[in-house]
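Some notes on the structure that comes next.
Taken together, the values in this text are just the output of simple stated rules run on the coordinates, not laboratory data. Remember, it's a predicted structure, so these values are computed and weren't measured experimentally. Every residue, glycine among them, receives a Cβ derived from its backbone with ideal geometry; neighbour counts consider all protein chains shown.
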Amino acid sequence: MKIAVCIKQVPEKNSRYEIDEEKRWVKETYLTYEINESDLYALETALRLKDQHGGEVLVCSLGPDGVERDIKKGLAMGADRGILIHEEGRLTDPFLIASALAKVLEEERPDLILTGVQSDDMAFSQVGVAVAELLGLPHTTIVMKVEVHENMGIRIERELESGLLEVADLPLPAVLTIQAGAYPVRYASLKGIMQAKKKEIKKLALSALSGLPSPQMELLSVAFPEPRKKAEILQGTVPEVVAQLVEKLKKEAKVL
């Protein structure tokens, strides 16, 4: 069974965030990076399926040279090969990213493609489903559990509202987006880290991929949220505070 896992490099949550002068992104100088959280769970899902059924796990990502470090982490955890679609600029258009990944994965012809349910930085939740559409493959989202059937189909459990789970069967090949928390994520062992140095990482230039669409989205500006609400402590006796509260609910909040 051949499984491809798409991962994304995102700023660590405890990075220092400062918007650049053009107000188009945050200053790279103060950022440190890591693998997107739900992508880690997608990778763990793939490695568990490999442990159970054998096969190969391919890690694929898009971005600058620094992304290679995160691909190596995936290899150290147990993946077999890596592919880096190299592009120095940070792409934000999910359709363009999905199109590039689909071009590469179409040649690899994996039995199963896994992505995280969404990225921690942009949170569009679009790349996985767009890859499925571009490749003409069945897909489902917010997956918590994956089992392979004897007939080489898969049974999944996906998260719904109010803690409910939906069970569904899909044929292979297919695309799944994995929810954070699906399985405990393993650590890379010292042996795995040493073995990762010998594993292949194929590098392709984004510009070398033919037939990619023009960007469908343009990021105009970024800004920190402006605080719009504040807490107010009412003073006085209990009857006075109640009277003030009722007045504010009527005239300011307008809920009475």
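Quick notes on this one:
- Helical runs (DSSP H, four residues minimum) scored at -39500 (n - 2.57) apiece and divided by the length of the chain put the mean residue ellipticity at 222 nm at -9000 deg cm²/dmol.
- Relative contact order (percent, whole number), the stretch 1-144, Cα cutoff 8 Å, 6+ residue spacing: 29
- Over the stretch 40-99 - Rg/Rh using Cα atoms and the Kirkwood inverse-distance radius: 1.03
- Neighbour-limited loop hits for GluC sites (Glu not before Pro), the stretch 185-246 (at most 12 other Cβ within 10 Å; DSSP other than H, G, I, E, B): Glu200, Glu218, Glu232
- Rounded to the nearest 20, the size of the Cβ-charge dipole of the chain about its Cα centre is 460 debye, with Lys and Arg at +1 and Asp and Glu at -1.
- Fraction of antiparallel bridges per DSSP, the stretch 2-208 only, in percent to nearest 5: 35
- In the chain, a dipole from Cβ-located charges (positive for Lys and Arg, negative for Asp and Glu) runs towards its positive end, and of Gly74, Trp25, Pro213 it is Gly74 whose Cα lies farthest in that direction.
- Gyration tensor verdict on the stretch 110-256 (Cα atoms; rounded if a/c is under 1.5, prolate if a/b is larger than b/c, oblate otherwise): prolate
- Span from the the stretch 66-80 Cα centroid across to the the stretch 220-256 one, whole angstrom: 50
- Å³ per residue enclosed by the Cα convex hull of the stretch 2-208: 130
- The distance between label points at Val185 and Arg48 comes to 1.4 nm (points 7 Å beyond Cα on the Cα→Cβ vector).
- Relative contact order of the chain, defined on C-alpha pairs under 8 angstrom at six or more residues apart (%): 23
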